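Okay, structure first, notes after.
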Amino acid sequence: MKKILIAPVVFLVRFYQLAISPYTPATCRYSPTCSQYTLQALKKHGLFKGGWLATKRIFSCNPWGGKGYDPVP
């Protein structure tokens, strides 16, 4: 059931990784990248908690946010 719920979001992130990300400058301040973190969070925690973790991570990826190694909890 969890795989069915996260499938559309995983598809959108994969599309971003393959079709958009290669043509934009690398700006993510974290390792793993925000898109990889999103995929890992969704697979580990599901749509709601994983989506919340991914949203928090994406909003903190700015010059005034954090940086460095930040694995999915």
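Mind checking the range 15-71 for chymotrypsin sites (Phe, Trp or Tyr not before Pro) that DSSP puts in a loop (not H, G, I, E or B) and that have at most 12 other Cβ atoms within 10 Å?
Trp64
Find the lysine pairs in the range 1-69 meeting two conditions, Cα atoms under 12 Å apart and a separation of 8 or more places or different chains, and report how many there are.
5
Name the long-range amide H neighbours of Cys61: under 5 Å, sequence gap of 5 or more, or other chain; modelled H, no Pro or chain starts.
none
What net charge do the residues around Val13 carry, taking every other residue with its C-beta under 13 Å from that of Val13, with Lys and Arg at +1 and Asp and Glu at -1?
+3
Once you place label points 7 Å from the Cα toward the Cβ at Val10 and Ser60, how far apart are they in nm?
Going by the 7 Å Cα→Cβ label model, 2.5 nm.
In degrees from 0 to 90, rounded to the nearest 10, what is the angle of the helix 2-15 Cα long axis to the longest principal axis of the chain?
40 degrees
Between 0 and 90 degrees, rounded to the nearest ten: what's the tilt of helix 34-60 against the longest Cα principal axis of the chain?
Taking the Cα atoms of the chain, the angle to 34-60 is about 20 degrees.
Every number here is computed from the coordinates shown, using simple stated rules; none is lab data. What you see is a predicted model, and the numbers here were worked out from it, not measured in a lab. Note that each Cβ is placed from the backbone with ideal geometry, even for glycine, and that neighbours are counted across all protein chains shown.
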